[in-house]
Amino acid sequence: MLMAGIYRCITEDGMRTAQEAVHSNLRESRTIYDFVIALCIQLGATSSELVPFDKYAAAESLSRPASAARAINSGALNIERADKLVQLVAEQQDMSHPDLDAIVALIDLRLDANRKKATA
């Protein structure tokens, strides 16, 4: 959920709702979601313990931008980085996903810009 929606609320120049993040490109959202599901299973979860993508995508709680996006948009210098955590755990399992890597890179870029702005 975090990678397919919450962290994808963060855009290059602002933010969007989780609904927009998930539904603007359902194929991409599903591949990211499925990647994280596969990682969880690799780490010992069972598929019956996990929320299926279609149930997540239909959730009504996706109507606002995520707090991480709001924080970055407001100039935060640091946020909780579950995106990086998932990326690092995946790397330890010899797994990677280009869209996850792009999410991490974008958030790094936005936070770096906020930090530069704060010290200027």
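Brief remarks on what is shown
- Only residues that are farther than 23 Å from Ile107 by Cα and touching a Ser or Thr at 6+ places or on another chain (Cβ under 7 Å) were counted across the stretch 40-95, and they come to 1.
- For beta carbons closer than 8 Å, sequence separation of 6+ or different chains, a first residue in the stretch 106-120 that is surrounded by 11 or more Cβ atoms within 10 Å (Cβ to Cβ) and among the charged types (D, E, K, R) and a second that is modelled with pLDDT of 95 or more and assigned to a helix (DSSP H, G or I), the qualifying pairs are Arg110/Ile72.
- Of all the criteria given as (1) hydrophobic (A, V, I, L, M, F, W, C); (2) within 13 Å of Leu2 (Cα to Cα); (3) at pLDDT 95 or above; (4) part of a loop (DSSP other than H, G, I, E, B), the one not satisfied by Ala45 is (2).
- Taking the criterion of being hydroxyl-bearing (Ser, Thr, Tyr) and without any contact (Cβ under 8 Å) to a residue 40 or more places away in the chain, the residues of the stretch 12-60 that qualify are Ser24, Ser29, Tyr33, Thr46, Ser47, Ser48.
- Among the residues of the stretch 54-87, those identified as farther than 19 Å from Tyr33 by Cβ and either surrounded by fewer than 16 Cβ atoms within 10 Å (Cβ to Cβ) or polar (S, T, N, Q) (or both) are Arg64, Ser67, Arg70, Asn73, Ser74, Gly75, Leu77, Asn78, Glu80.
- Subset tally (residues that are of a type outside the set (Gly, Ala, Ser) and buried (at least 24 other Cβ atoms within 10 Å of the Cβ)) for the stretch 2-26: 5
The values are calculated or read from the model by the stated rules, or taken from the named source; none is laboratory data. Note that the structure is predicted; figures quoted are calculated from it, not measured. Cβ coordinates were reconstructed from backbone atoms using ideal geometry, including for glycine residues, and neighbour counts include every protein chain displayed.
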